[in-house]
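First up is the structure itself, then whatever we jot down about it.
The values are calculated or read from the model by the stated rules, or taken from the named source; none is laboratory data. Note that the coordinates shown come from a computational prediction; the quantities given were computed from them, not determined experimentally. Quick reminder, even Gly has a Cβ in these numbers, built from the backbone with ideal geometry, and neighbours come from all protein chains shown.
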Amino acid sequence: MSDRKFWIAFNRVKGIGPAKLRALLDHFDDLETAWRATRSDLAEAGLDKRAIESLEAARKGMNLEQLENDVTRANARMICWKDDDYPKRLREIDNAPPVLYVRGNFVEKDDWAVAIVGTRRATSYGKEVTRELATTLAAAGVTIVSGLARGIDAVAHVAALEAGGRTLAVLGSGLDILYPAEHHTLAEKIIVHGALISDYPLGTPPDANNFPPRNRIISGLSLGAVIVEAGEESGALITADFAVEQGREVFAVPGSVFNRNSLGPNRLIQNGAKLITSAEDVLEELNLRMASHHAEAREQLSLLDSADDAERKILSQLSAEPLHADELSVAMSLPIATISSMLAMMELKGMVRQVGGMTYVAAREARAEYKIE
């Protein structure tokens, strides 16, 4: 029997977050057993008295089948830690949300994502900078992540869509309570070309306390976070703090020392954030110039058995003698863009070395690992 309804149910229990849920899974192996456990068993699993009482109260008042049906009726789906399509980047962070509610879809190219966030009270300067950044990044194959808020967030989403790119919006409410309401049309477009995401249960209102925690998801989905305009108390700076904790890059757009919206980015730059003046700075720093080629390569490689299989085949063609990428393309009957992207990824892994002018040799250790003579 599917235990998906138990993931949804635990998501609604106050006081049981990622750490406690992980402890329950470690102790009981599955959430159905944990849901039906006795007080003593729950205590043995590590739950404190308050969490146990909260769980017991929830068990009395929840219709588990109804919870699953409600998600379906909201045209949403629930994904959890155990699902293959749980976002790769987000899975890497400490205390990743156990459950996400999603309208739309994640795709592999979303691995190359950058967050763009800022104040709701954006100036014309902030909007224009955001539009340029999001447009260029999206055109380069980078997914834009933001929070669907007024101001900088909305401009970032719209620019990404207009550039024909993908964008992900992380909400501070349940997916069935869109905030702000005037972004309904924008949200529908995002669903088609990306996803609306929330770790809050359906029916959760957009309470002010919900927005700071959701920012960890914005940064967690991304390779780096760009702060365009933000006052000293802006939620965008919370996103920057989460990005630092998660080992993500933080970028900041400098602004006038006389504008309060520039206080946040300017202070971030003072504290070590990377000053950027164009999208090229982000692409260069994150090595994302090949993002669109990587996506094309993955599509081509889906025709092969696996990425490992493709890497093995490339290694079998390479040796200590330099081989040009064009020759490899002919030998493997794959487009040069696909071969170039694969070689770039394998070079990052230390499997091959470029010895000049698109010519490559195999790393001895890689050939040994794949047992290629």
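What residue, among those in the range 269-305 that are more than 19 Å from the chain's Cα centre (by Cα), assigned to a loop (DSSP other than H, G, I, E, B) and not hydrophobic (A, V, I, L, M, F, W, C), is modelled with the lowest pLDDT? So, considering only residues that are more than 19 Å from the chain's Cα centre (by Cα), assigned to a loop (DSSP other than H, G, I, E, B) and not hydrophobic (A, V, I, L, M, F, W, C), the one modelled with the lowest pLDDT is D305. The requirement of being touching a residue at least 24 places away in the same chain (Cβ under 8 Å), over 19 Å from I218 (Cβ atoms) and surrounded by fewer than 22 Cβ atoms within 10 Å (Cβ to Cβ) is satisfied by R77.
Let's see how each residue does on (1) touching a strand residue (DSSP E or B) at 6+ places or on another chain (Cβ under 7 Å); (2) closer than 22 Å to A230 by Cα:
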position	(1), (2)
R131	no, yes
V145	yes, yes
L148	yes, yes
A160	yes, yes
T167	yes, yes
G174	yes, no
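Within the range 222-233, the set of residues being surrounded by fewer than 24 Cβ atoms within 10 Å (Cβ to Cβ) and farther than 16 Å from A138 by Cβ comprises G231, E232, E233.
Of note, I79 satisfies the criterion of being outside the structural domain of F211 (by TED's automatic domain parsing), more than 25 Å from L288 (Cβ to Cβ) and modelled with pLDDT of 95 or more.
Would you check if there is a residue in the range 22-43 being within 28 Å of A187 (Cα to Cα) and under 24 Å from the mean Cα position of the chain (by Cα)? No, the conditions are met nowhere in the range 22-43. Looking across the range 239-259, the residues that are among the aliphatic types (A, V, I, L, M) and either surrounded by fewer than 16 Cβ atoms within 10 Å (Cβ to Cβ) or free of Cβ contacts under 8 Å to residues at least 12 places away in the same chain (or both) come down to V244, V257.
Taking the stated definitions as given, is T135 in the same structural domain as E229 (by TED's automatic domain parsing), surrounded by 17 or more Cβ atoms within 10 Å (Cβ to Cβ) and assigned to a loop (DSSP other than H, G, I, E, B)?
On the way: in the same structural domain as E229 (by TED's automatic domain parsing): yes; surrounded by 17 or more Cβ atoms within 10 Å (Cβ to Cβ): yes; assigned to a loop (DSSP other than H, G, I, E, B): no.
It is false that T135 is in the same structural domain as E229 (by TED's automatic domain parsing), surrounded by 17 or more Cβ atoms within 10 Å (Cβ to Cβ) and assigned to a loop (DSSP other than H, G, I, E, B).
The single residue among L47, L55, L21 that is surrounded by 13 or more Cβ atoms within 10 Å (Cβ to Cβ) and not in a helix (DSSP H, G or I) turns out to be L47. Do we have any residue at all in the range 150-164 that's over 12 Å from the mean Cα position of the chain (by Cα) and under 30 Å from L67 (Cβ atoms)? Checked against the condition, which is being over 12 Å from the mean Cα position of the chain (by Cα) and under 30 Å from L67 (Cβ atoms), the range 150-164 yields at least one hit. Residue under question is S54, and the condition is that it be at pLDDT 95 or above and outside the structural domain of G165 (by TED's automatic domain parsing); does it hold? Yes; evaluated as a whole, the condition is true for this residue. Can you tell me which residues in the range 270-284 are surrounded by 19 or more Cβ atoms within 10 Å (Cβ to Cβ) and either among the small types (G, A, S) or more than 17 Å from E132 (Cβ to Cβ) (or both)? If the condition is that a residue be surrounded by 19 or more Cβ atoms within 10 Å (Cβ to Cβ) and either among the small types (G, A, S) or more than 17 Å from E132 (Cβ to Cβ) (or both), then A273, A279 are the ones that fit. Here the condition is being more than 25 Å from the chain's Cα centre (by Cα) and either modelled with pLDDT under 95 or under 20 Å from G126 (Cβ atoms) (or both); of G255, G235, it holds for G255 alone.
Of the helices (runs of 4 or more DSSP H) lying entirely inside the range 172-260, those containing at least 2 residues that are in the same structural domain as D111 (by TED's automatic domain parsing) and touching a Pro at 6+ places or on another chain (Cβ under 7 Å) span 235-245.
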